[in-house]
């Protein structure tokens with residue numbers, strides 16, 4: 001979430017829990033890549049130079065960087081006063097006020 005909010009591309013490497021779902025979402029959204037062959041829960045040792053090559057490629061990918069930047073800009077708008085995130089929070093609070101006092 002923090003990388004998306006700041007418009008930073010991500011090299012996902014899920015190791016457990018819901019991280020695989022998150023890595024898939026990052027990839028589908030165009031925010032980064034996920035090297036599936038690296039395995040799950042430490043199944044495979046990955047060498048430093050391979051990780052470095054992936055990060056270098058990620059940071060040089062202009063399309064990916066552009067997409068990440070756009071997502072970051074949209075996230076900032078959503079969090080600002082009047083943005084979609086703020087509106088949803090206000091709606092939830094109003095709903096709870098009405099239903100708790102009833």
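Here, each number is a calculation from the coordinates, and none is a lab measurement. Since this is a predicted model, take the numbers as computed values, not measurements. Here the Cβ is made from the backbone with ideal geometry for all residues, glycine too, and neighbour counts use every protein chain on show.
A few notes on this one:
- Adding -39500 (n - 2.57) for every DSSP H run of four residues or longer, then dividing by how many residues the chain holds, sets the calculated 222 nm ellipticity at -19500 deg cm²/dmol.
- With Cα atoms, 0 to 90° folded angle of helix 62-79 axis to the chain main axis: 20 degrees
- Going from the residue with the fewest nearby Cβ atoms within 10 Å to the one with the most, 81, 33 rank 81, 33.
- Contact order, relative form, for the chain: 32 percent (alpha carbon pairs under 8 Å, 6 or more residues apart, mean separation divided by residue count).
- Within a Gaussian network of the chain (alpha carbon springs, distance under 10 Å), most fluctuating of 45, 11, 31: 45
- Folded to 0 to 90 degrees: helix 19-28 orientation relative to the chain principal axis, Cα: 90 degrees
- Length gained when the stretch residue 73-residue 90 is fully extended (0.36 nm per residue, less Cα-Cα span): 4.0 nm
- For the pair residue 44 and residue 65, label points projected 7 Å from Cα toward Cβ lie 2.8 nm apart.
- Label-to-label distance, residue 57 versus residue 18, with points set 7 angstrom from Cα along the beta-carbon direction: 2.9 nm.
- Principal-axis analysis of the Cα atoms of the chain puts helix 84-100 at an angle of about 50° to the longest axis.
- Computed over the stretch 2-100, the convex hull of the alpha-carbon atoms projects to a mean area of 8.2 nm².
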